[in-house]
Amino acid sequence: MRKRAVALYAGMGVLISILTFMLMPAYSQEDIVNLADSAFGDRERPAAVFAHEEHNEKAEIEECNVCHHLYRGGNKVDDESSEGTNCSACHYVEGGDTTRPLMKAYHELCKSCHQENKAGPVTCGECHRK
Amino acid sequence: MYEFVSGPLVWISFGIFFIGLLVRVISYIKGLDWQKDRVAYSAAGIPGAAKSIVYWLIPFGSQGWKNNPFFTIGTFIFHICLLGVPIFLLAHNILLDESWGISWWTISDSTADWITLIFFVAVIFLVIRRIVNPNVRLLTTGYDYLILAIAAAPFITGYMAYHQWMDYKTILIIHILCGELMLIAIPFTKLSHFVLFFCSRAQLGMDYGIKRGGRYGRGICW
C-alpha cells in the first residue's frame, strides 16, 4: 500500500514536471527567435520573426521599457518596466476598454519605430515570414 | 520604393479614380439627348430606371441574365470576388486602420486564399467564353484581354505575395502597382462600367419604363 502510494506520487511528480516543461513558454530571452503569441489562438499568419537579444543589440535599444512598458493611472512610468509580463496580460485579442487590442499593440510598437528610424521591416511578409 | 508606392502613389491613383469616374458620369448625363434618344427623360422614368438597375444586380433577375445562365454565374462570381476580396481582406483593413483609423469586417486569410482561387477559375471561364462563343468572339479584340489582365493582375500578384513566392518585397511592390494601375485604368477604359453600368441601366430602364409599355404594367425587365 505504502509502496504503491510512493510510486503514484513519484509518477505524478514526473508527469507534472514533464508537463510544466512542455507548457512553459520559452524560458530565456536568448531563445526567442520569433513571436507566436499563443493568445491569438487560431493564427492567420506565420509567427513574426523577432530575435529578441540580437534585435535589441542591432537596433541599439538600451531600455527594456521601450517595449515592456508599465502604466500607472493611465500614465507611462518612465523608470520601471514590465518584462516578464506578457503583452497579452494587458492588451487583449478582442480589445479592452482601456488598452488597445493585442494585434494593434504589436504592430504599432514594432512598425512605428521601424518607420521612424527608416530601418527594420514594415511590410507583412517581412515580419510574418513563411 | 515601397514607401512611394504605398504612400503618394495611393493618393494619386485614388484621386484619378474618383475624379475620373465623376467626369465620366457627368459627361454621360450631359450627353443624354431626349430628341436623339427619343426618350422623355423625366421623373416618370425613375421607377423603370431603379427597376432595371436592381434586376440587373440580381443573378437571373433580368431576362438578359436568364438567357445566358452560364455567363451569369461566371460573371457574378467574378465580380463578387473582384470587389469582395480587396475590400474585406484583413491586410488591407490593417493598413487602412493604421493610416486612417477606419476598418470594417474582414474575412480570414485562408478564406481570401480560397476565394482568390475561385476568382482565377472565373477569369479562365471568361477567357474561354470569348474564345469558344462565336457571338462573343466576333466582338472580341486584344483590348478585351488586356482589360481582363488589368483586373486579374492584382490578384495574381497578391496571391504570390501572400504565399511569399519569389522575392517578397519586389512582388509586393508589383502587387501594389498593379492595384494602382487598375484604379487609374478604370475611368479611362471599358472598366468604367464600374459606374457607367448604373448610368446605362438607368437610361434604358427609363426608356423601357416610359415608352415600351412600362407604364401599363407590362413590366418585363430586359
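Values for this structure:
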quantity	calculated
Residues that are within 18 Å of B:Asp207 (Cβ to Cβ) and within 19 Å of the chain's Cα centre (by Cα), drawn from region B:7-49	B:Tyr28
Hits in region B:17-49 (condition: assigned to a helix (DSSP H, G or I) and of a type in the set (S, T, N, Q))	B:Ser27, B:Gln35
Search result, residues across region B:130-152 that are within 28 Å of B:Glu180 (Cα to Cα) and not in a helix (DSSP H, G or I)	B:Thr140, B:Thr141
The listed residue being touching a helix residue (DSSP H, G or I) at 6+ places or on another chain (Cβ under 6 Å) and not in a helix (DSSP H, G or I), out of B:Ser52, B:Ser103, B:Ser13	B:Ser103
Restricting region A:69-121 to residues that are assigned to a helix (DSSP H, G or I) and acidic (Asp, Glu), the residue that is nearest to the other protein chains (Cβ to nearest Cβ)	A:Glu108
Residue, nearest to B:Trp114 (Cα to Cα), within region A:32-49, restricted to residues that are in contact (Cβ under 8 Å) with a residue 60 or more places away in the chain and part of a loop (DSSP other than H, G, I, E, B)	A:Arg45
Hey, B:Ser110 farther than 30 Å from A:Gly125 by Cα, hydroxyl-bearing (Ser, Thr, Tyr) and surrounded by fewer than 17 Cβ atoms within 10 Å (Cβ to Cβ) or not	no
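Matching residues to (1) within 14 Å of another protein chain (Cβ to nearest Cβ); (2) crowded, with 17+ Cβ neighbours inside 10 Å; (3) small (Gly, Ala, Ser):
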{"residue": "B:Ile58", "(1), (2), (3)": "no, no, no"}
{"residue": "B:Asn67", "(1), (2), (3)": "no, no, no"}
{"residue": "B:Leu82", "(1), (2), (3)": "no, yes, no"}
{"residue": "B:His92", "(1), (2), (3)": "yes, yes, no"}
{"residue": "B:Ile102", "(1), (2), (3)": "yes, no, no"}
{"residue": "B:Ile115", "(1), (2), (3)": "no, yes, no"}
{"residue": "B:Val121", "(1), (2), (3)": "no, no, no"}
{"residue": "B:Asp144", "(1), (2), (3)": "no, no, no"}
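Throughout, read-outs are computed from the coordinates displayed, never taken from laboratory work. All values derive from a computational prediction rather than experimental measurement. Here Cβ is always computed from backbone atoms with ideal geometry, including for glycine, and neighbour counts include all displayed protein chains.
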